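J.: Sharing a structure here in structure tokens format.
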Amino acid sequence: MEEIVAKTEAIVREAKALGADEAIANTVVGSYRQIRFSNDRIDIGLSWRDYSTSIMIAWRKRVVLTEIKDFRDASGAVKRLMSLARISKENAAYGGVARGRFEYAKPMADGAIEHLEDPSGYIEEAICAAKREAGEGAETGGILFTKYERAFLSSSEGPEGWDERSAIELSIRAFSQRDASGHGVECSNSLKDFEPGRAGGKAGEIAKMAVNPKAGKAGRYDVVLDPLFFGSLMAVYGSMGSAFYAMTRMSIFADKLGARVAPEIVTIRDDPRTCSVNCRAFDDEGAPVKETIFIDRGILRTFFHNTSTARAFRTETTGHAGIIVPMPWNLSMDPGDLGRDEMLSELRRGLYLTNTWYTRFHNYATGDFSTIPRDGIFLVEDGEVKESWKGIRVSDNALRILSSISAISKERQRVHWWLEADPPSLSPFVLIEGVRITRPD
């Protein structure tokens, strides 16, 4: 890694020598593995190593970025960036990058993930757990992914840091019938906390409950959202907490700083130093990361900032750069005091929704959106599951949903999959009043 450090630092020195006001180079070297399975069998496995260096140059408030995959072209890339900066328009909102020397927390990566020889046993464990719940006739499919990355960042403004990051993630779906399925995920930054049977068991349990689904009915319902579903919504709320999206009016929180946006039981925070597939020591400017309380007992306390957005809001960076767009790293909602079954018992006639995808906004500023529930969709009456449903859509408003949370579970699950629940989160079950359900027809 000494060679990588030297070449990364050389990029910054060359950019400064060519006249850059600020320059940052961030090199990530990683080893990755992906195993896909379907019909209870492993189809294909792939492992690879990769490295990339992202380069940022600022010249007279012109900001340009690129990524290279080969250090042999580093000098040429820096020269091209400088040429591009000289013909670019000034970015009046650019406020510089983090300055100074920082002490960073120690990496939290698990070296056992890097040296994992054969992770197929984790898949078998998840499949067996799913079939125990759903029955031997059930079928399963999904993906196991691992990564181990070493990252080195060098900035002309002083920050220089080393980090190691690891992750192991399993996504499994179980099918008891063609249109009766359940989904479970398991994700961690260490093998110690990784329990694939938990994801398989959940997928199988939901698949068994989901047999013989009927067409759902439109209306307003009180709804219990599974952590997998609410993790997707929490990712939306966290992304809209970016100061960049507030400035560009692509957020429901644009004018809400300091205002109540949720009931007092709701606290959402971002902490990249907890057990997470996105655990890290510093952001893309080299600023140390830290816990940030985003919504505190229902009050929107802060946006997520890099140096530029912090300057625009006359505050300090929160350690969430993105050079252009600051974003949260690892969200969590504080737990409540009910169990899942206690929450379901609160429903006189409501729904239990276990998963969703294709969350799309008609208007980012007002928060009008729709999302498509998938896998288990259940009608609950007097606390008991009465029917399995299919073919419904949630068509509502994101602010109204957030302000209508009436209960939060004490149990929480780590959630991350595809692009629907990203960034990762530690998500509870939530009870939301009066959710608008529609049908495609």
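J.: How much length is gained if the chain between Phe102 and Asp193 is pulled fully straight, taking 0.36 nm per residue apart and subtracting their Cα-Cα distance, in nm to one decimal?
T.: 29.8 nm
J.: Among the listed pairs Lys390/Lys410; Lys16/Lys106; Lys7/Lys79, which have their C-alpha atoms separated by more than 20 angstrom in this model? Walk me through the numbers before you get to the answer.
T.: On the way: Lys390/Lys410 28 Å; Lys16/Lys106 29 Å; Lys7/Lys79 16 Å.
Pairs exceeding the cut-off: Lys390/Lys410; Lys16/Lys106.
J.: Next question, about the same structure. What part of the accessible area of the range 297-375, given as a whole %, is carbon or sulfur when the probe is 1.4 angstrom? Don't skip to the answer; put the middle values down first.
T.: Details: 1620 of 3360 Å².
In the range 297-375, the share of accessible area belonging to carbon and sulfur is 48 percent.
J.: Using a Gaussian network model of the chain with C-alpha springs under 10 Å, which one of Glu316, Glu420, Glu387 is most mobile by mean-square fluctuation?
T.: Looking only at Glu316, Glu420, Glu387, the biggest GNM fluctuation is shown by Glu316.
J.: Does the range 325-377 classify as rounded, prolate or oblate by the C-alpha gyration tensor (a ≥ b ≥ c root eigenvalues; a/c under 1.5 gives rounded; else a/b over b/c gives prolate, otherwise oblate)?
T.: Details: a/c = 2.23, a/b = 1.39, b/c = 1.60.
Oblate shape, in that a/c is at least 1.5 and b/c is the bigger or equal ratio.
J.: Okay, moving on. Using a simple charge model, +1 on the beta-carbon of Lys and Arg, -1 on the beta-carbon of Asp and Glu, nothing else, what dipole does the range 252-402 show about its Cα centre, in debye to the nearest 20? All intermediate terms of the calculation are to be shown ahead of the outcome.
T.: Working: 19 positive and 22 negative charges, 94 e Å.
For this selection, approximately 460 debye.
J.: Report the full-extension gain for the segment Arg178 to Ile293: residue separation times 0.36 nm, less the Cα-Cα distance, to one decimal in nm. All intermediate terms of the calculation are to be shown ahead of the outcome.
T.: Working: separation 115, 0.36 × 115 = 41.40 nm, distance 4.26 nm.
Gain in length upon complete extension: 37.1 nm.
J.: Need the C-alpha centroid separation for the range 407-441 versus the range 358-403, integer Å.
T.: Between the Cα centre of the range 407-441 and that of the range 358-403, the gap is 9 Å.
J.: Just to confirm, what accessible area per residue do you get for the range 15-150 at 1.4 Å probe, in whole Å²? Walk me through the intermediate numbers first.
T.: Details: 7490 Å² over 136 residues.
For the range 15-150, the per-residue accessible area is 55 Å².
J.: Contour minus end-to-end for Glu381 and Arg311, with contour as 0.36 nm per residue of separation and end-to-end as the Cα-Cα distance?
T.: 20.0 nm
J.: Can you give me the C-alpha center-to-center distance between the range 213-233 and the range 1-48, rounded to a whole angstrom?
T.: That distance is 39 Å.
J.: Before rounding to the nearest 500, sum -39500 (n - 2.57) across all DSSP H runs of length at least 4 in the chain and divide by the residue total; then give [θ] at 222 nm in deg cm²/dmol.
T.: Working: 10 runs with 99 residues, N = 441.
Helix-only estimate at 222 nm: -6500 deg cm²/dmol.
J.: Here's something else I'd like to know. Using a Gaussian network model of the chain whose springs link C-alpha atoms within less than 10 Å, name the residue from Phe175, Phe244, Phe194 with the highest mean-square fluctuation.
T.: Most flexible of the set in this elastic network: Phe194.
J.: Sticking with this one: Roll a 1.4 angstrom probe over the protein heavy atoms and tell me the percent of accessible area of the range 152-232 that is carbon or sulfur.
T.: Numbers: 1240 of 2670 Å².
Reported share for carbon and sulfur atoms: 46 percent.
J.: Rg and Dmax of the range 218-286 over Cα atoms: what are they, in angstrom?
T.: 15.1, 49
J.: If you don't mind, there's one more thing I want to ask. Can you compute the charge dipole magnitude of the range 201-296 about its Cα centre, using +1 on each Lys and Arg Cβ and -1 on each Asp and Glu Cβ, nothing else charged? Give it in debye, rounded to the nearest 20.
T.: On the way: 12 positive and 12 negative charges, 105 e Å.
I would put it at about 500 debye.
J.: Taking the Cα centre of the range 221-361 as the origin and placing charges on Cβ (Lys, Arg +1; Asp, Glu -1), which of Thr292, Gly319, Leu257 is farthest toward the positive end of the dipole?
T.: Result: Leu257.
J.: Assign one of three labels to the range 160-282, namely rounded, prolate or oblate, based on the Cα gyration tensor with a ≥ b ≥ c the square roots of its eigenvalues; rounded applies when a/c is under 1.5, prolate when it is not and a/b is larger than b/c, and oblate otherwise.
T.: Values: a/c = 2.68, a/b = 1.21, b/c = 2.21.
Because a/c hits 1.5 or more and a/b fails to exceed b/c, the range 160-282 counts as oblate.
The values are calculated or read from the model by the stated rules, or taken from the named source; none is laboratory data. Here the structure is a predicted model, which is why all the values come from computation and not from measurement. FYI the Cβ positions are ideal-geometry reconstructions off the backbone, even for glycines, and counts take in every protein chain you see. To get the accessible areas, we keep the full protein, side chains included, count just its heavy atoms, and leave off ligands, DNA and RNA. Shrake-Rupley method; radii C 1.70, N 1.55, O 1.52, S 1.80 Å.
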